[in-house]
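*Asks:* Here it is, the structure, as structure tokens.
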Amino acid sequence: MLECLAAPGWLACGNEAIAFDPLCGDGTAQAAREAILAAAVITAIMEYPDDPHAMETLLMHYRSMLLASMRRHLRFCAQFYSMGGNSPWWRTQISALATGFEWCSGQLAGLPQPRYELHGLRLVPRMVPA
Ligand SMILES: Cc1cc2nc3c(=O)[nH]c(=O)nc-3n(C[C@H](O)[C@H](O)[C@H](O)COP(=O)(O)OP(=O)(O)OC[C@H]3O[C@@H](n4cnc5c(N)ncnc54)[C@H](O)[C@@H]3O)c2cc1C
């Protein structure tokens, strides 16, 4: 996973942003989901061209969603890999997945709750309970 997933002027997407384990069979769907989200983020940024705060919030939303998808992927892989066996190699892989999962959780804990949700191909502000 790239350390920086988005910045003013660009968004990372697909395998270049996050490489999923080919065996999990979710890489293509992930690339398509990211492309939809990236297009919706760009559309929303274009709606507020003179509002740097809106851009910052939208880029943060993009980063959070990618981090969350990486975390979901690592959880899925951990379940999958636990069937691999109990050799030192598999144990090392599972331990690395747990480290990655914790790292993603730590990063997400430092980010605000998602402020947008996808409605079709567009992002709309999320109703946050008072
Ligand atoms: C062996 C293997 C098996 C896999 N099996 C599955 C599976 O069963 N199910 C599944 O869902 N996923 C699977 N995946 C993962 C899936 O292929 C990827 O997650 C998915 O293709 C990522 O899409 P992408 O658009 O990000 O990248 P890519 O599909 O790699 O597309 C990127 C494109 O950009 C082009 N490109 C690169 N650099 C430039 C440049 N500078 N200028 C112009 N063009 C450029 C490349 O030529 C390429 O065509 C597998 C991957 C591998 C390696």
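*Asks:* Considering only the stretch 26-47, state which residues are farther than 22 Å from LEU111 by Cα and not aliphatic (A, V, I, L, M).
*Replies:* ASP26, GLY27, THR28, THR43, GLU47, listed by residue number.
*Asks:* For residues in the stretch 1-18 being open to solvent by 90 Å² or more (accessible area, probe 1.4 Å) and of a type outside the set (Asp, Glu), which is nearest to GLN113 (Cα to Cα)?
*Replies:* Out of the qualifying residues, it is PRO8.
*Asks:* I would also like to ask the following. Filter the stretch 88-103 down to residues that are over 14 Å from the mean Cα position of the chain (by Cα) and open to solvent by 50 Å² or more (accessible area, probe 1.4 Å), then give me how many there are. Show your work before the answer.
*Replies:* Of the residues in the stretch 88-103, the ones over 14 Å from the mean Cα position of the chain (by Cα) are 88-99, 102.
Filter again for open to solvent by 50 Å² or more (accessible area, probe 1.4 Å), leaving 88-96, 99, 102.
Of the residues in the stretch 88-103, 11 are over 14 Å from the mean Cα position of the chain (by Cα) and open to solvent by 50 Å² or more (accessible area, probe 1.4 Å).
*Asks:* Is there a residue in the stretch 38-56 that is surrounded by 15 or more Cβ atoms within 10 Å (Cβ to Cβ), more than 12 Å from the chain's Cα centre (by Cα) and within 14 Å of the ligand (Cβ to nearest atom)?
*Replies:* Yes, that holds for at least one residue.
*Asks:* Considering the stretch 19-41 alone, what residues qualify as being touching a residue at least 12 places away in the same chain (Cβ under 8 Å) and over 21 Å from TYR81 (Cβ atoms)? Break it down stepwise before answering.
*Replies:* To start, the set of residues in the stretch 19-41 that are touching a residue at least 12 places away in the same chain (Cβ under 8 Å) comprises 19-21, 23-24, 26-27, 30-31, 33-41.
Within the stretch 19-41, ALA31, ARG33, GLU34, ALA35, ILE36, LEU37, ALA38, ALA39, ALA40, VAL41 meet the criteria.
*Asks:* Does GLY106 qualify as being more than 22 Å from LEU118 (Cβ to Cβ), open to solvent by 70 Å² or more (accessible area, probe 1.4 Å) and more than 16 Å from the ligand (Cβ to nearest atom)?
*Replies:* no
*Asks:* So how many residues does the stretch 1-18 have that are within 8 Å of the ligand (Cβ to nearest atom) and more than 23 Å from PHE80 (Cα to Cα)?
*Replies:* 2
*Asks:* When you look at THR99, is it free of Cβ contacts under 8 Å to residues at least 12 places away in the same chain and part of a helix (DSSP H, G or I), yes or no?
*Replies:* yes
*Asks:* Return a yes/no flag: does the stretch 19-28 have any residue that is part of a loop (DSSP other than H, G, I, E, B), more than 16 Å from the ligand (Cβ to nearest atom), open to solvent by 30 Å² or more (accessible area, probe 1.4 Å) and out of contact with any Lys or Arg (no Cβ under 9 Å at 6 or more places or on another chain).
*Replies:* No: the stretch 19-28 contains no residue that is part of a loop (DSSP other than H, G, I, E, B), more than 16 Å from the ligand (Cβ to nearest atom), open to solvent by 30 Å² or more (accessible area, probe 1.4 Å) and out of contact with any Lys or Arg (no Cβ under 9 Å at 6 or more places or on another chain).
*Asks:* Which ones in the stretch 57-87 are over 22 Å from ASN15 (Cβ atoms), open to solvent by less than 70 Å² (accessible area, probe 1.4 Å), part of a helix (DSSP H, G or I) and out of contact with any Leu (no Cβ under 9 Å at 6 or more places or on another chain)?
*Replies:* THR57, the sole residue that qualifies.
The values are calculated or read from the model by the stated rules, or taken from the named source; none is laboratory data. Predicted model, so just to flag it, every value in this text is computed and none were measured. Note that we place each Cβ from the backbone using ideal geometry, even for glycine, and neighbour counts take in every protein chain shown. The accessibility values were calculated without ligands, DNA or RNA, using every heavy atom of the protein model including side chains. Shrake-Rupley method; radii C 1.70, N 1.55, O 1.52, S 1.80 Å.
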